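Below you'll find the structure, written out as structure tokens, and then a few comments.
The values are calculated or read from the model by the stated rules, or taken from the named source; none is laboratory data. This is a predicted model, so every value here is computed, not measured. Note that we place each Cβ from the backbone using ideal geometry, even for glycine, and neighbour counts take in every protein chain shown. The protein model used for the area step is the full one, side chains on, heavy atoms only, and it has no ligands, DNA or RNA in it. Shrake-Rupley method; radii C 1.70, N 1.55, O 1.52, S 1.80 Å.
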Amino acid sequence: PELDLEAGFDRTIEADQRIEPRDWMPEAYRKTLIRQIAQHAHSEIIGMQPEGNWILRAPSLRRKSILLAKVQDEAGHGMYLYAAAETLGVDREELTEKLIDGKQKYSSIFNYPTLSYADIGVIGWLVDGAAICNQVPLCRCSYGPYARAMVRICKEESFHQRQGYELLLAMVNGTDRQREMVQESVNRFWWPSLMMFGPPDDDSPNSAQSMEWGIKRHTNDELRQRFVDMSVPQAEMLGVTLPDPELVWNEERQAHDYGTPDWDEFKAVIAGSGPANAQRIAHRRRAHENGAWVREAAQAYADKRAGAGA
Ligand code: ACO
């Protein structure tokens, strides 16, 4: 019977149909999905910090309401994703514990500090732009609950990217000082944005299997290339320079050639020694501990209602 189940799974994947929580799936498929969806959920939640840092210092009421809405969306994305992970038989409490114990990863990008308001625009443009590039194909992921969560998340990510680009347009049409702020921020965020796509294909242990299972639809380098090609004309529109002297159009490939990200830096950041790793985890741990009374109260209320047969 195990063989029949496995053949059924293979047929579903081959026919490019969705695997649902009730379906049989290989243990390794389940584990890979839990790993990726949990990392993705953690990224949304940790990603609230670098931007949340600027809510109280937004330069106008309009900018403040945009930023508030965006950071709240990220909390929502985290919730959809934890819910998708829970359909695989893990619970959110357990995943949160793993995050604050440093046992599960989150995106490298959120370990860089936000030093000026221009960073809010650049994160929207580059970081959310990279996220969209990576996530649109995940709407076709073979695991149904993850794919469906991604549809909604991608719509909201597009709004996030536009708000970033609109903020940058306002700044580059402002004073020299504002243009300098934008350029300085682009200089800091360009390379870390390229690293969001993960290691190069020949150093990506999970890609081949995840592509076979239809979890990933493109390799890390394919999506990175797409992002570079998309960003170049946008940078021209803004009048900023991307900090890569090797960036040049390649007529033959009909794509841009570009320099090599500092993969040693990437490895150090995902191993926990990036500029803000310790601060991000400490903050998340504190928030979790401070929220203990809310979880206890909600549990006590649920128990009471269950006891009353309501
Ligand atoms: N930051 C942190 N860790 C990373 C990153 C990154 N940018 N890129 C790769 N890694 C980790 C992988 O998780 C993997 O670690 P693990 O095996 O210990 O779990 C290791 O580096 C090797 O990488 P790959 O074999 O290429 O891993 P994978 O096939 O999972 O591909 C990728 C990585 C592309 C990030 C994939 O997991 C993915 O598409 N995830 C969903 C998108 C996501 O998480 N986005 C979050 C940031 S965007 C946002 O929230 C705004």
Using a basic spin-label model with each label point 7 Å from the Cα along Cα→Cβ, how many nm lie between S204 and N173? 3.8 nm
Farthest toward the dipole's positive end in the chain, which of A306, M181, L81, given Cβ charges of +1 (Lys, Arg) and -1 (Asp, Glu) about the Cα centre? A306
Rounding to the nearest 20 debye, state how big the charge dipole of the chain is about its Cα centre with +1 on each Lys and Arg Cβ and -1 on each Asp and Glu Cβ. 1480 debye
What whole-number distance in Å separates the alpha-carbon centres of the stretch 181-242 and the stretch 93-132? 15 Å
Inter-label distance, nm, simple model (7 Å from Cα along the C-beta direction), D16/E212: 2.0 nm
For the stretch 179-186, Karplus couplings with θ = phi - 60° (6.51, -1.76, 1.60), whole Hz, Gly/Pro x: 4, 4, 4, 5, 4, 4, 5, 4
What 222 nm value per residue comes from the helices of the chain, counting each DSSP H run with n ≥ 4 as -39,500 (n - 2.57) and dividing by all residues, nearest 500 deg cm²/dmol? -20500 deg cm²/dmol
The stretch 268-310 and the stretch 23-64 have their Cα centres apart by a whole-number Å value of 15 Å
5 angstrom amide H check on A255, placed H, neighbours 5+ away: N250
Just to confirm the filter: which GluC sites (Glu not before Pro) across the stretch 207-310 are DSSP coil and have at most 11 other Cβ within 10 angstrom of their Cβ? E246, E251, E252
Over the stretch 151-244, give the accessible area per residue in Å² for a 1.4 Å probe, as an integer. 47 Å²
Whenever you get a sec, compute what percent of the accessible area on the chain sits on carbon and sulfur atoms (1.4 Å probe). 54 percent
What is the spin-label model distance, in nm, from E265 to A297 if the labels are put 7 Å beyond Cα along the C-beta direction? 4.4 nm
Filter K31/K98; K31/K103; K98/K155; K31/K216 down to the pairs with a C-alpha to C-alpha distance above 21 Å, please. K98/K155
Would you mind calculating the gained length between T241 and L61 on full extension (0.36 nm times residue separation, minus the Cα-Cα distance), in nm to one decimal? 61.8 nm
Report the full-extension gain for the segment N53 to A7: residue separation times 0.36 nm, less the Cα-Cα distance, to one decimal in nm. 11.5 nm
